[in-house]
Amino acid sequence: MPEITCISPVDGRELVRRPTASPAEIEAAVERARRAQREWAGVPVAARVAAALAFLEALKAMNEAIVPELAWQMGRPVRYGGELRGVEERVRHMAAIAEASLAPLMPEGRPGARRMIKREPLGLVLVIAPWNYPYLTAVNAVVPGLIARNAVILKAAAQTLLTGDRFQAAMDKAGLPPGLFQHLALGHEDVARLLASGAVDHVNFTGSVEGGRAIERAAAGRFASVGLELGGKDPAYVRADADLPAAIENLVDGSFFNSGQCCCGIERIYVDETVYAPFLEGFVAHTSAYVLGNPLDLETTLGPMAHGRFAQLVRDQTAEALAKGARAHLDAKKFAADRPGTPYLAPQVLTEVDHSMRVMTQESFGPVVGIMRVTGDEDAVRLMNDSPYGLTASIWTQDDEAAERIGGRLETGTVYMNRCDYLDPALAWTGVKNTGRGVSLSEIGYHRLTRPKSYHLRTGR
């Protein structure tokens with residue numbers, strides 16, 4: 001029987017090995033979900049919200065164990081406390097807006113008729129979570145999906161398989177109908193068969209562009225809705241009027257937090273030529289202060305990447321850029337834990353880069369960032385849009401009108417001013433181009449997890 005294995009990036013040990021669900025087990029899970037969803041569809045919204053908040057409290061009670069467990073699975077330093085703060089913000093926001101977001105739409109009155117558009121559940125939602133933020137990304141669809149009266153099956157990533165168990169335990173404590181939420185150990189072929197069977201009504205996938213294409217192929221012809229958050233190469237632009245200390249501090253964090261393994265992390269920076277030199281000096285100094293090491297050590301600020309092959313991709317991109325004339329500003333030898341061939345990779349800042357280099361055009365998803373000088377807004381917009389991706393873009397300025405004007409020209413799902421690498425649950429989380437399609441969170445996220453049903457009730461003859 002096929003198995004899923006998680007190898008820790010911390011020391012290479014095997015953390016968990018588990019057989020994937022058999023076809024019979026998957027079929028039984030679908031039947032349980034359908035049965036539970038029919039029951040759940042009649043539960044009032046207040047009770048559904050209460051269950052979501054009970055799930056949150058159950059998950060919070062596990063956080064002391066979850067934080068080191070995450071470090072062992074994917075390498076994030078324990079000093080940062082895991083993902084609970086963001087999870088709580090998202091769950092509480094989606095719970096707070098549920099009643100209004102799911103309420104019927106009432107068109108203007110018409111004599112002799114009562115009309116409305118209700119939000120109906122889709123049925124069965126499959127959530128395929130990634131390893132880099134396995135709680136935060138999964139909760140974006142899991143909790144709204146349940147509040148919207150759907151059943152949910154979660155497929156956790158192999159690298160963070162234990163997070164699915166935590167979700168299951170917390171949902172069980174919340175008192176949901178048996179089968180309404182289920183975590184299944186699934187391989188890629190299992191997912192493809194499940195989608196091709198027509199049993200799933202909506203699939204939410206966070207992962208690679210190729211993974212997204214595979215999801216679309218598997219679901220083709222089944223008329224399931226698809227939400228895809230795929231690759232990114234998120235840019236930042238530092239204008240001449242930016243608050244440089246704030247921009248430096250936040251962009252260093254946005255580039256290197258979680259070893260750069262963030263969906264909306266900063267991967268390329270464009271700096272106005274008039275402030276380029278002081279920005280670069282401060283950026284390199286801040287980056288030099290990182291401590292690369294064992295993520296279980298409270299002194300560590302940069303842990304290993306989740307897998308050796310991810311680190312190798314970053315090493316290859318960096319080597320190619322250097323061969324083409326880029327300049328590296330950090331000496332990896334000063335980071336004692338940096339070891340070629342392992343997931344432990346020192347941060348790197350590159351200048352003299354251009355868009356002929358993969359490090360400026362293809363997703364790195366690691367602790368490297370390229371910095372280019374630009375002549376002004378036009379130059380910056382051109383370069384920021386020169387990408388097959390579009391998730392977020394960050395503008396650093398003290399002119400909010402300029403930020404909005406520039407943001408209107410950027411091909412991206414979210415525009416930030418004076419912040420980056422953050423997901424606001426009140427806003428639609430979406431992307432353009434190869435970053436995918438669909439929306440999670442906000443009121444619009446609820447609309448993606450439901451379907452409209454119209455009522456025209458004639459009251460007179």
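The values are calculated or read from the model by the stated rules, or taken from the named source; none is laboratory data. Keep in mind that this is a model prediction, so the values were computed, not measured. Quick reminder, even Gly has a Cβ in these numbers, built from the backbone with ideal geometry, and neighbours come from all protein chains shown.
Scanning the stretch 126-181 for residues that are closer than 21 Å to Lys60 by Cβ, in contact (Cβ under 8 Å) with a residue 60 or more places away in the chain and small (Gly, Ala, Ser) gives Ala129, Ala141, Gly145, Ala169, Ala170, Ala174, Gly175. Note on the stretch 21-35: residues that are among the hydrophobic types (A, V, I, L, M, F, W, C) and farther than 15 Å from Gly187 by Cα total 4.
Residues are listed down the side, and each one gets a yes or a no for (1) in contact with a Pro (Cβ under 7 Å, 6 or more places away or on another chain); (2) part of a helix (DSSP H, G or I); (3) within 17 Å of Ala174 (Cα to Cα); (4) not aliphatic (A, V, I, L, M):
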residue	(1), (2), (3), (4)
Ala47	no, yes, yes, no
Leu59	no, yes, yes, no
Pro68	no, yes, no, yes
Arg115	yes, no, no, yes
Lys118	yes, no, no, yes
Asn140	no, yes, no, yes
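Among residues of the stretch 385-413 that are farther than 26 Å from Leu228 by Cβ and in the same structural domain as Asp243 (by TED's automatic domain parsing), those with a beta-carbon under 9 Å from a residue that is of a type in the set (Val, Ile, Thr) and part of a loop (DSSP other than H, G, I, E, B) at least six positions away or on a different chain give the pairs Ala403/Thr397; Ile406/Thr397.
The residues listed here are Ala169, Ala156; of these, the one that is over 22 Å from Pro121 (Cβ atoms) and either surrounded by fewer than 17 Cβ atoms within 10 Å (Cβ to Cβ) or among the aromatic types (Phe, Trp, Tyr) (or both) is Ala169. Among the conditions (1) more than 23 Å from Val125 (Cα to Cα); (2) part of a loop (DSSP other than H, G, I, E, B); (3) in contact with a Lys or Arg (Cβ under 9 Å, 6 or more places away or on another chain); (4) of a type in the set (A, V, I, L, M, F, W, C), the only one that Leu423 does not satisfy is (1). Taking into account only those residues within the stretch 294-331 that are part of a loop (DSSP other than H, G, I, E, B) and either of a type in the set (Val, Ile, Thr) or at positive phi (or both), which is surrounded by the most Cβ atoms within 10 Å (Cβ to Cβ)? Checked the stretch 294-331; the qualifying residue surrounded by the most Cβ atoms within 10 Å (Cβ to Cβ) is Thr300.
Okay, residues lined up against (1) surrounded by fewer than 15 Cβ atoms within 10 Å (Cβ to Cβ); (2) touching a Ser or Thr at 6+ places or on another chain (Cβ under 6 Å); (3) more than 23 Å from Gly282 (Cα to Cα); (4) of a type in the set (Val, Ile, Thr):
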| position | (1), (2), (3), (4) |
| --- | --- |
| Gly376 | yes, no, no, no |
| Met384 | no, no, no, no |
| Cys420 | no, yes, no, no |
| Asp424 | no, no, yes, no |
| Glu443 | no, yes, yes, no |
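Selection of the stretch 410-420 for residues being of a type in the set (Ser, Thr, Tyr) and not in a loop (DSSP other than H, G, I, E, B) yields Thr414, Tyr416.
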